[in-house]
């Protein structure tokens with residue numbers, strides 16, 4: 001039963017120290033006031049946060065060297081995420097830039113391998129990580 005499968009996944013995700021994704025990738029493209037340049041390595045980590053009524057939220061952190069580019073690991077922050085049928089992370093998606101919610105936008109689509117973080121305003125930038 002679909003609901004039972006979701007309940008099983010929910011039980012697994014209730015453990016906040018579970019890592020859904022942790023990998024380092026090079027920057028493929030960097031524009032504007034990007035906090036890292038092409039070729040620099042960035043580490044993306046994602047953990048489950050809340051699963052309720054079919055909605056999954058995660059916490060994620062993207063750091064390029066010592067520079068933290070995106071951080072929703074802090075209390076009070078989370079972003080929508082999607083899990084595949086296998087329970088693995090399929091997507092992280094925070095579409096609001098800092099003018100909307102005080103942090104950059106992050107879109108990580110693990111099916112295509114595309115990871116992009118961008119912001120607007122005086123320090124506008126875009127970073128695309130290589131697969």
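The values are calculated or read from the model by the stated rules, or taken from the named source; none is laboratory data. Note that the structure is predicted; figures quoted are calculated from it, not measured. Neighbour counts run over all protein chains shown; Cβ positions are idealised from the backbone, glycine included.
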(request) Please list, ordered by first then second residue, the pairs with beta carbon atoms under 9 Å, 6 or more apart or interchain, first in the range 72-90 and closer than 24 Å to residue 104 by Cβ, second surrounded by fewer than 13 Cβ atoms within 10 Å (Cβ to Cβ). (result) 80/55; 80/95; 90/84; 90/111
(message) Cβ contacts < 6 Å: first residue free of Cβ contacts under 8 Å to residues at least 24 places away in the same chain, restricted to the range 26-52; second residue surrounded by 16 or more Cβ atoms within 10 Å (Cβ to Cβ), any location; separation 6+ or different chain. Result?
(response) 37/30; 38/27; 38/30; 43/63
(request) Of all residues in the range 62-86, count the ones that are more than 12 Å from the chain's Cα centre (by Cα) and at pLDDT 90 or above. (result) 5
(message) Going residue by residue through the range 32-42, is there one that turns out to be part of a strand (DSSP E or B), more than 19 Å from residue 120 (Cα to Cα), touching a strand residue (DSSP E or B) at 6+ places or on another chain (Cβ under 6 Å) and modelled with pLDDT of 95 or more?
(response) yes
(request) Filter the range 88-120 down to residues that are exposed (fewer than 14 other Cβ atoms within 10 Å of the Cβ) and under 17 Å from residue 49 (Cα atoms), then give me how many there are. (result) 1
